[in-house]
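Quick notes on the structure that follows.
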Amino acid sequence: MTTRGGRVFRLLLAATLFALTVWSAAAQTVLEMARTEYDAGHYQQAVDLLRGAAAQYSRDASFYNWLARCEFELREYDPAVVSAERAVELEPSNSDYHLWLGRAYGRKAEEAGLFSAFSLARKSRREFEEAVRLNPSSFEAQEDLIEFYLRAPGIVGGGEEKALQQIEALTKVDAIEAHLLRAKYLLDKKKTAAADVEVRAALDARPTSIHAYIDAAEFYERRKDRAGLQRTVEGGMRIDPTEPHFLYFQGVAAFLAGIRNDEAEQSLKRYLETIPPRSDLPPHCAAREWLGQLYEREGRTADAITQYRAAIAQDAHCKKAHDSLRRLQR
């Protein structure tokens, strides 16, 4: 026999579950809207959505993670750190959240004074290490940690030996990724032949991860190796023909061919027109640098100057654009 108290309890439970379902659906809708704005490159619109919802969904770490990512793309690193710290606080076992916090600390360190930069750099290293500990198979976390070890001074925990040890440890988790990161290290050391061997070993293993092809393409772009870049792009496009990296790399490969100027111009322009600027994609300033070189080749000096100026306007640290512009304006 069901008591009145039992019926009331079940009704309250059902009402609570319904309210939670509605709450979850509403939160998911806001996140999807913010993701749509993010993918379109409308980072401020996404921030406005997420900040407006954060107070309501204050215990949902995903809101703060996406808020941090959007603020990062806007180069607002102070609020990005605050948002990323909150995401990690709410969900400390999430590798991606630690990764983005490490990135935010790192970019903030680049703009800080010497003492603050050291402190932030150490925090960045700890977050990258935690991201790898939580998910050793994360390509992005491994890459960022190894890059930190290679670039940062020993006083903040960097060091070449640490990088090599991490690459060796990575071999047991993902041999293809280890080949590619070892190649990047060797290329930095100007050990070109050895680096080539590592990249070929990675590609010969027929990776199924799109990240492997992107890293290999970046390697061949640095080497200005048209044949290697073209083969890598073709392999990657068999996995995902819509991956925006490959539109950029197609343009670079066509430029390097030396006789496919129209194709190079078309691909690079389409990349600039259709792919919004984002930190994990080839920078727009690089596409404009390649276009500038293309126009110089064709004797279109005014168009080249326009591209170099646009590259600098997008990123004042584009050294090639600065050097080329000075040369053309002499």
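The values are calculated or read from the model by the stated rules, or taken from the named source; none is laboratory data. All figures in this text were calculated on a predicted structure; none of them were measured in a lab. Cβ placement follows ideal geometry from the backbone for every residue including glycine, while neighbour counts extend to all protein chains displayed. Surface accessibility is based on the protein's heavy atoms, side chains included, excluding ligands, DNA and RNA. Shrake-Rupley method; radii C 1.70, N 1.55, O 1.52, S 1.80 Å.
Here are some notes:
- Amide hydrogen neighbours beyond the local backbone of Ala152, cut-off 5 Å, H modeled: Gly159
- 3J(HN,Hα) along the range 50-60: 5, 5, x, 8, 4, 5, 6, 10, 5, 9, 9 Hz, from the Karplus curve 6.51 cos²θ - 1.76 cosθ + 1.60 with θ = phi - 60°, whole Hz, x for Gly and Pro.
- Listed values for the range 265-276 are Karplus-derived 3J(HN,Hα) couplings in whole Hz (6.51 cos²θ - 1.76 cosθ + 1.60, θ = phi - 60°), namely 4, 4, 5, 5, 5, 5, 4, 5, 7, 10, 10, x, and x replaces Gly and Pro.
- Top of Ala311, Ala46, Ala68 by mean-square fluctuation, Gaussian network on the chain, Cα under 10 Å: Ala311
- Length gained on full extension, Ala201 to Ser93: 35.5 nm, using 0.36 nm per residue less the C-alpha separation.
- Of the residues Asp78, Asp225, ranked by 1.4 Å probe accessible area with the largest first, the sequence reads Asp78, Asp225.
- Helical runs assigned H by DSSP (4 residues or longer) give the chain a calculated mean residue ellipticity at 222 nm of -26000 deg cm²/dmol, each run adding -39500 (n - 2.57) before division by the residue total.
- Thr36-Arg330 FRET efficiency (beta carbon distance; Förster radius 41 Å; 0.05 resolution): 0.30
- The trypsin sites (Lys or Arg not before Pro) of the range 57-149 that DSSP puts in a loop, and whose beta carbon has at most 11 other beta carbons within 10 Å, are Arg59, Arg75.
- Linear extension gain, His322 paired with Ser209, 0.36 nm per residue minus alpha-carbon span: 37.1 nm
- Accessible area of Thr306 in the full protein assembly, 1.4 Å probe (Å², nearest 10): 80 Å²
- The range 157-225 versus the range 267-325: alpha-carbon centroid distance in Å: 27 Å
- Under 24 Å from Lys108, Cα to Cα: lysines that are on another chain or at least 8 residues apart: Lys123, Lys162, Lys319
- If you run the Gaussian network model on the chain, springs between alpha carbon atoms under 10 Å, then out of Ser124, Ser137, Ser95 the most flexible one is Ser137.
- Local electrostatic count at Pro283 - Lys and Arg +1, Asp and Glu -1, tallied over other residues with Cβ under 10 Å: 0
- Rounded to the nearest whole Hz, the Karplus-based 3J(HN,Hα) values (6.51 cos²θ - 1.76 cosθ + 1.60, θ = phi - 60°) of the range 315-326 follow the sequence 8, 5, 8, 6, 5, 4, 5, 4, 5, 5, 5, 4, with x at glycine and proline.
- Label-point gap, in nm, between Glu160 and Gln44 - each point 7 angstrom along Cα→Cβ: 4.5 nm
- Dipole in debye (nearest 20) - the chain, about Cα centre, beta carbon charges: Lys, Arg +1; Asp, Glu -1: 240 debye
- Applying 1/(1 + (r/R0)^6) with R0 = 41 Å to the Cβ-Cβ distance of Val82 and Thr306 gives a FRET efficiency near 0.60.
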